[in-house]
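Visitor: Mind having a look at this structure? Questions to follow.
The values are calculated or read from the model by the stated rules, or taken from the named source; none is laboratory data. As the structure is a prediction and not an experimental result, all values here were calculated from the model. Because the Cβ atoms are built from the backbone with ideal geometry, glycine has one as well, and the counts that use them run over all protein chains shown.
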Amino acid sequence: MKVIIVSIAVVLILFLVFIALGIAVNKRNMKKDKYDLLNYFKKNKDKLSITLKENGQDTLVLNSERNFPLASTLKIIIAFNFVKSVANNKFSITDNVELNELEKFYIPNTDGGAHPKWKKSIDNPTEVSLLEIAKGMMQFSSNACTDFLINKIGPDIINESIEVLNLNHDKIAYLTPPILIPGYLSDKRSLAINKLEAMDKQSYQELSHKIFEKMKANETTDLEEKAPKMLNQKMQLLITNKTASSTTKQYADLMFRLGKELFTKKEKELFSEILIGENVKDDGDDYFWYKGGSTMFVLTSALYKESKDSTVSVSLFIKDDTGGELYWIRNIFSDFVKSVATNMEFRKMVKERLN
């Protein structure tokens, strides 16, 4: 009996030591800054891709042609199509939509609380303009706003634009339905995982579209109830890997082209209003566009900065299939990318260490 009690005490002590060490490591990680992240990148080049363009010329390329799941950075393509649709008078930014129509595409406790934060920022109205929905997609990263706009613009039109732009880029599908796919495939997680692993991207996207139509018709209550127990870490990694992918080379080039050739001045003004950047750009900047994205396993970004005599375009992607390191990296990821664009000394340091 004494042996058992001693054994339990030892296990308890070891458990408490493990917890204490975890807390200490977490506190230390939360104090890390962009210079720590640069050191991490130097040691883990296989986990990242970066493309930096200065005045249209590539000045830093690392794994720039490697495909990564895009997470919310793909919303740049949707925002591009939104601006073009407005310019072509397919709809107006002042057109109103009942907020309930967007709620069909929101699943509680998903997208990091982005959708509720967006609604709170506009005081939860009963109706909302298409402009505010576009801002919800880009500034708050609401997946419900995104799926509404994909449907509004038309998924075929969005994917045709990828071909017209000559991008090396997977087709874009709805973002919220994948959360419900595992429960649609099976009531048993292990069987759903097997089916999901065997599914190619085209079949996956077709199923995503099918479930989206069910969401429009309010026919997914049972799937939404299943979702929490189905989404373990392995399932979330599978879903991340099925997300549309592309490269930092494609996105750094695209951001530069948006600034220099693809938009008129009026279209740039609308794009600027939709994206994050207007509140952080310097007085000397004409344009500052930024969109990040994240899942448990990837962090992605694309940025464009233009001033009177210079342009900087940078795209940075990271993937860690364990998700462990991204816990602290995501806190300083955006600051790192923006510093590359705005701080010449830091940019020089990044180029020296990663080239």
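Visitor: So how many residues does segment 224-249 have that are surrounded by fewer than 22 Cβ atoms within 10 Å (Cβ to Cβ) and out of contact with any Pro (no Cβ under 9 Å at 6 or more places or on another chain)?
Guide: 9
Visitor: Now for a separate question. Of all the residues that make up segment 300-318, how many are touching a residue at least 40 places away in the same chain (Cβ under 8 Å) and either in contact with a Gly (Cβ under 7 Å, 6 or more places away or on another chain) or surrounded by fewer than 20 Cβ atoms within 10 Å (Cβ to Cβ) (or both)? Walk me through it before giving the result.
Guide: Taking segment 300-318 first, the residues touching a residue at least 40 places away in the same chain (Cβ under 8 Å) are 300-304, 306, 310-318.
From the residues that got through so far, the ones that are either in contact with a Gly (Cβ under 7 Å, 6 or more places away or on another chain) or surrounded by fewer than 20 Cβ atoms within 10 Å (Cβ to Cβ) (or both) too are 300-301, 304, 306, 310-311.
Going through segment 300-318 one residue at a time, the tally reaches 6.
Visitor: Please find, among ASN143, ASN124, ASN168, the residue that is over 15 Å from the mean Cα position of the chain (by Cα), within 30 Å of ASP253 (Cβ to Cβ) and either assigned by TED's automatic domain parsing to the domain that holds ALA227 or not β-branched (Val, Ile, Thr) (or both).
Guide: ASN168
Visitor: Next question. How many of the residues in segment 250-296 are surrounded by fewer than 19 Cβ atoms within 10 Å (Cβ to Cβ) and small (Gly, Ala, Ser)?
Guide: Residues that pass the stated criteria total 2.
Visitor: Let me ask something else. Considering only residues that are in contact with a Lys or Arg (Cβ under 6 Å, 6 or more places away or on another chain) and of a type outside the set (D, E, K, R), look in segment 39-58 and name the one that is farthest from LYS305 (Cα to Cα).
Guide: Checked segment 39-58; the qualifying residue farthest from LYS305 (Cα to Cα) is SER49.
Visitor: Looking for something surrounded by fewer than 21 Cβ atoms within 10 Å (Cβ to Cβ) and outside any loop (DSSP other than H, G, I, E, B) - is there at least one such residue anywhere in segment 143-152?
Guide: Checking segment 143-152: at least one residue is surrounded by fewer than 21 Cβ atoms within 10 Å (Cβ to Cβ) and outside any loop (DSSP other than H, G, I, E, B).
Visitor: Considering only residues of segment 77-121 that are part of a helix (DSSP H, G or I), surrounded by fewer than 19 Cβ atoms within 10 Å (Cβ to Cβ) and aliphatic (A, V, I, L, M), which is farthest from the chain's Cα centre (by Cα)?
Guide: So, considering only residues that are part of a helix (DSSP H, G or I), surrounded by fewer than 19 Cβ atoms within 10 Å (Cβ to Cβ) and aliphatic (A, V, I, L, M), the one farthest from the chain's Cα centre (by Cα) is ALA87.
Visitor: Counting just the residues of segment 176-193 that are of a type outside the set (Lys, Arg) and free of Cβ contacts under 8 Å to residues at least 40 places away in the same chain, which one comes out surrounded by the fewest Cβ atoms within 10 Å (Cβ to Cβ)?
Guide: Taking segment 176-193 as the starting set, the residues that turn out to be of a type outside the set (Lys, Arg) are 176-187, 190-193.
Going one step further and asking which of them are free of Cβ contacts under 8 Å to residues at least 40 places away in the same chain, we end up with 177, 184-187, 190-191.
Numbers: PRO177: 26, TYR184: 19, LEU185: 18, SER186: 16, ASP187: 11, SER190: 9, LEU191: 12.
The qualifying residue surrounded by the fewest Cβ atoms within 10 Å (Cβ to Cβ) is SER190.
Visitor: Is it the case that some residue within segment 45-59 is out of contact with any helix residue (DSSP H, G or I) (no Cβ under 9 Å at 6 or more places or on another chain), under 30 Å from LEU238 (Cα atoms) and at pLDDT 95 or above? Working first, answer last.
Guide: Kept after step one, since they are out of contact with any helix residue (DSSP H, G or I) (no Cβ under 9 Å at 6 or more places or on another chain), are these residues of segment 45-59: 46, 55, 57.
Still in the running and under 30 Å from LEU238 (Cα atoms): 46.
Remaining after also requiring at pLDDT 95 or above: 46.
Checked segment 45-59: at least one residue is out of contact with any helix residue (DSSP H, G or I) (no Cβ under 9 Å at 6 or more places or on another chain), under 30 Å from LEU238 (Cα atoms) and at pLDDT 95 or above.
Visitor: When you look at ILE162, is it in a loop (DSSP other than H, G, I, E, B) and either in contact (Cβ under 8 Å) with a residue 12 or more places away in the chain or of a type outside the set (A, V, I, L, M) (or both), yes or no?
Guide: Numbers: in a loop (DSSP other than H, G, I, E, B): no; either in contact (Cβ under 8 Å) with a residue 12 or more places away in the chain or of a type outside the set (A, V, I, L, M) (or both): yes.
Taking the combined requirement at face value, the residue does not satisfy it.
Visitor: Would you call LYS214 assigned to a helix (DSSP H, G or I), loosely packed, with under 13 Cβ neighbours inside 10 Å, out of contact with any Pro (no Cβ under 6 Å at 6 or more places or on another chain) and outside the structural domain of SER272 (by TED's automatic domain parsing)?
Guide: Spelling it out, it is not the case that LYS214 is assigned to a helix (DSSP H, G or I), loosely packed, with under 13 Cβ neighbours inside 10 Å, out of contact with any Pro (no Cβ under 6 Å at 6 or more places or on another chain) and outside the structural domain of SER272 (by TED's automatic domain parsing).
Visitor: Could you list all residues from segment 105-128 that are among the small types (Gly, Ala, Ser) and within 30 Å of LYS226 (Cβ to Cβ)?
Guide: Step one: filter segment 105-128 for residues among the small types (Gly, Ala, Ser), giving 112-114, 121.
Selection gives GLY112, GLY113, ALA114.
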